[in-house]
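Novice: Okay, here's the structure, questions in a sec.
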């Protein structure tokens, strides 16, 4: 039994909050007092990748600041319309690694399930913003084929739940999926990659925590925080119950121009994460997805910044700088070149 309860009185309905998410750039600007900056939006406020921002996540943004680093991540802009060489709709060539719909098997001993095409927030740099979710997810009638594959491939020890975002599934669907995975005796771990707890902390409620605590599998939750401001939306207050449930908490971030491409931003992020009980895990170089080139940080600048971070913080506060290269058997990580102390 979990010794920490998240809910006193009537719990907040995260599903209602999700339904009430802001769906236009104009609505976001109005909520932050930035109506005068509509000229930066995509023409007519439209984008082929729709806008979605839960209202609780606005607490992470500074009203009246058009350059706010959190706002920049979720506001559709004219920059997304630019055609940039080398940026494609499938930058990781994921569809070549899908033996059955909704399942990716690229690396030894682990496989990834595309549980849903839905997300609580639409991040403008998302590497799956063009992914064909209608035919490429493992839900519904396609789930038995994915489970049969996992049952056959006994070398798989860990299943990664991704999407979309697995935590936009309701408790019943997520519990049923976990139960099916727990029935496979060769599985040892389940890893959930989710931005939902960051943008909608109300999703971390008692029912979810109890189900994760009850799993026979080791549970790892990899949240996605790019900037220390994002912790203001309420995530840290929800984490003690997860830790009490035995859930390992890690963070992955993406290095983004105009968001966190400074030493001050990265050190504040690592410090804030660790204070909240989350270990910095990955710092990804941007995947070259069409529509996100304006977020790219030049490699030379990225490496210099990473080396500065390694010098500024203890090793456990420094995430791995990494990028995923299509066709590789694992992510490519970068080590700093540190000279002797003077």
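Novice: Where both partners of a DSSP beta bridge lie in the chain, what percent of those bridges are antiparallel, to the nearest 5?
Specialist: Among the beta bridges of the chain, antiparallel pairing accounts for roughly 25 percent.
Novice: Another question, if that's okay. I want to check the label-to-label distance for residue 183 and residue 316. Put each point 7 Å from Cα in the C-beta direction and report it in nm to one decimal.
Specialist: It works out to 4.0 nm between the two label points.
Novice: Please work out the Cα center distance from the range 203-263 to the range 57-122, rounded to the nearest Å.
Specialist: About 18 Å separates the Cα centre of the range 203-263 from the one of the range 57-122.
Novice: With the chain treated as a Gaussian network of Cα nodes joined by springs under 10 Å, which of 64, 272, 86 yields the largest mean-square fluctuation?
Specialist: Checking each option, the largest mean-square fluctuation is seen for 86.
Novice: Given the rule -39500 (n - 2.57) for each run of at least 4 DSSP H residues, summed and divided by the residues of the chain, what is its mean residue ellipticity at 222 nm, to the nearest 500 deg cm²/dmol?
Specialist: For the chain, the value works out to -7500 deg cm²/dmol.
Novice: Continuing with this model, one more query. So for the chain, averaging the separation of alpha carbon pairs under 8 Å that are six or more residues apart and normalising by length, what relative contact order in percent results?
Specialist: This gives 18 percent for the chain.
Novice: Using 0.36 nm per residue, how much length does the chain from residue 172 to residue 332 gain when fully extended, once their Cα-Cα distance is taken away?
Specialist: Values: separation 160, 0.36 × 160 = 57.60 nm, distance 3.67 nm.
Extra length from residue 172 to residue 332 when fully extended: 53.9 nm.
Novice: Any idea how far apart residue 65 and residue 299 come out in nm if each label point goes 7 Å out from Cα toward Cβ?
Specialist: 3.3 nm
Novice: Cut-off 10 angstrom, C-alpha nodes, Gaussian network model of the chain. Which of 167, 273, 177 fluctuates the most?
Specialist: Of the options given, 177 has the highest mean-square fluctuation.
Novice: If only Cα atoms are counted, what is the Rg of the chain, and what is its Dmax, in Å?
Specialist: Considering the chain through its Cα atoms, Rg and Dmax are 19.8, 63 Å.
We did not get these values from a lab; they are worked out from the coordinates using the rules stated. For clarity, every value in this text was computed on a predicted model and none was experimentally measured. Neighbour counts run over all protein chains shown; Cβ positions are idealised from the backbone, glycine included.
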